Amino acid sequence: MKKYLVIGNPIDHSLSPKLHNYWFKENNINAVYEKKQIEENDIEGIISEMRNGKIEGINVTVPFKKSVIPFLDKIEIPEVTQSVNTIYIQKNSITGSNKIVGRNTDILGFKFSLEQIKYSAKGKKIFILGAGGVTPSIIYALEEMKPSTIMLSNRTKEKAENLKKSFPQLEIVDWGDIKNFDMIINTTSLGLKENEKIPINYDQIGSGKFFYDVIYNPRKTNFLLEAEKRGHQIENGKMMFIYQAQAAFSLFTVAPDMSDGLLPSVNKKVLQLLEND
Ligand code: ATR
């Protein structure tokens, strides 16, 4: 039986096993997908398990999306993101040689989540909160959508300034300050715990804005609840999570002849599967 893993720390909260195991079953694939909490110095060993055929594919979550990179044979990601969330084996049926390849499906996940609700960021003023591991993938996806401005604010300003080196278009805003925007995106971990609040003045924000939170558990963070109360459009990170997983599944099932992998279903049943937690 083929084995797949999601690695991270912490990892308990991950819904990836639930989703991928469902899709494996749906596609009659004899495989199992598990989660594993690891430390930084476990990475090398785990990648070598891919080389010797014990593990077929890996998803990577916080805080290892960057630190896995040196152990891979090849990365196929936009350099600026420095973020790998999917590791798969690229098989070459002609030479018979295998390569361990890193990809970033968070970018696609974010993009598809907006397309699904028909939100166009073109010409819009975007305000990003946070400068953590997933933030560069979101900026990268947004830049392709040609917004008019991307502002970014992070508690530790230095991290925001660092991101500006990779994305010179960014306008850095002091933490706690609010500028006029059309769409605001929370990429911080604030809100994962129910009592956590982002220190912004919601009453200072005009009407008809779009609030997006990368967090999907809890389903509605304080950030989204405050926005909803004031009649703004809201969206959590659930569809981004599902679409990044769908793209990863597709890579996991790419055949040695390089034909496209399987695109598993994203439907009501899949959504319900993640609702129960
Ligand atoms: P990492 O920084 O290891 O990539 P992450 O979970 O991807 O971790 O990112 C955490 C993000 O949430 C950061 O933007 C972090 O801000 P700092 O750079 O200032 O640490 C933000 N964050 C976490 N806890 C926060 C808090 N209590 N107040 C404000 N921002 C917070």
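Among the residues that make up the range 102-123, is at least one of them within 16 Å of the ligand (Cβ to nearest atom), hydroxyl-bearing (Ser, Thr, Tyr) and over 30 Å from Ile178 (Cβ atoms)?
Scanning the range 102-123 turns up no residue that is within 16 Å of the ligand (Cβ to nearest atom), hydroxyl-bearing (Ser, Thr, Tyr) and over 30 Å from Ile178 (Cβ atoms).
With respect to the numbered conditions (1) in contact (Cβ under 8 Å) with a residue 12 or more places away in the chain; (2) within 11 Å of the ligand (Cβ to nearest atom), which one is the sole condition not fulfilled by Glu158?
In the conditions (1) in contact (Cβ under 8 Å) with a residue 12 or more places away in the chain; (2) within 11 Å of the ligand (Cβ to nearest atom), Glu158 misses (1) alone.
Given (1) near the ligand (Cβ under 10 Å from one of its atoms); (2) surrounded by fewer than 20 Cβ atoms within 10 Å (Cβ to Cβ); (3) at pLDDT 95 or above, where does Asp182 come up short, assuming only one miss?
(1)
Touching a residue at least 60 places away in the same chain (Cβ under 8 Å) and touching a Gly at 6+ places or on another chain (Cβ under 6 Å): is that true of Tyr88 in this structure?
yes
State yes or no: is Ile185 part of a helix (DSSP H, G or I) and either among the aliphatic types (A, V, I, L, M) or in contact (Cβ under 8 Å) with a residue 60 or more places away in the chain (or both)?
Spelling it out, it is not the case that Ile185 is part of a helix (DSSP H, G or I) and either among the aliphatic types (A, V, I, L, M) or in contact (Cβ under 8 Å) with a residue 60 or more places away in the chain (or both).
Which is buried (at least 18 other Cβ atoms within 10 Å of the Cβ), modelled with pLDDT of 95 or more and within 16 Å of the ligand (Cβ to nearest atom), of Leu142, Leu129?
Step by step, each of Leu142, Leu129 is checked, and only Leu129 is buried (at least 18 other Cβ atoms within 10 Å of the Cβ), modelled with pLDDT of 95 or more and within 16 Å of the ligand (Cβ to nearest atom).
Does Ser67 qualify as being in a loop (DSSP other than H, G, I, E, B) and in contact with a Gly (Cβ under 8 Å, 6 or more places away or on another chain)?
no
Tell me which residues, restricted to the range 188-247, are closer than 29 Å to Asn104 by Cα, part of a helix (DSSP H, G or I) and more than 13 Å from the ligand (Cβ to nearest atom).
Leu224, Lys238, Met239, Met240, Phe241, Ile242, Tyr243, Gln244, Ala245, Gln246, Ala247
Loosely packed, with under 15 Cβ neighbours inside 10 Å and either touching a Ser or Thr at 6+ places or on another chain (Cβ under 8 Å) or hydrophobic (A, V, I, L, M, F, W, C) (or both): is that true of Asp174 in this structure?
yes
Here is a check on your reading of the model: is Val60 crowded, with 20+ Cβ neighbours inside 10 Å, in contact with a Ser or Thr (Cβ under 9 Å, 6 or more places away or on another chain) and assigned by TED's automatic domain parsing to the domain that holds Ile100?
The answer is yes for Val60.
Can you name the residue in the range 145-155 that is part of a loop (DSSP other than H, G, I, E, B) and more than 8 Å from the ligand (Cβ to nearest atom) and, of all such residues, is surrounded by the most Cβ atoms within 10 Å (Cβ to Cβ)?
In this case the residue turns out to be Pro147.
Could you list, in sequence order, the residues of the range 52-62 that are at pLDDT below 95 and not polar (S, T, N, Q)?
Within the range 52-62, Gly53, Val62 meet the criteria.
Return the residues of the range 43-98 that are among the hydroxyl-bearing types (Ser, Thr, Tyr), more than 15 Å from the ligand (Cβ to nearest atom) and within 21 Å of the chain's Cα centre (by Cα); say none if nothing qualifies.
Answer for the range 43-98, where residues must be among the hydroxyl-bearing types (Ser, Thr, Tyr), more than 15 Å from the ligand (Cβ to nearest atom) and within 21 Å of the chain's Cα centre (by Cα): Thr86, Tyr88.
Pick out the one residue from Glu40, Glu76, Glu49 that is acidic (Asp, Glu), within 30 Å of Glu144 (Cα to Cα) and surrounded by fewer than 20 Cβ atoms within 10 Å (Cβ to Cβ).
Unique residue meeting the criteria: Glu76.
Scanning the range 84-118 for residues that are in a loop (DSSP other than H, G, I, E, B) and touching a Ser or Thr at 6+ places or on another chain (Cβ under 9 Å), which turns out surrounded by the most Cβ atoms within 10 Å (Cβ to Cβ)?
Looking at the filtered set, the residue picked out is Asn85.
The values are calculated or read from the model by the stated rules, or taken from the named source; none is laboratory data. As the structure is a prediction and not an experimental result, all values here were calculated from the model. Ideal geometry is used to build each Cβ from the backbone, glycine not excepted, and the neighbour counts take in all protein chains shown.
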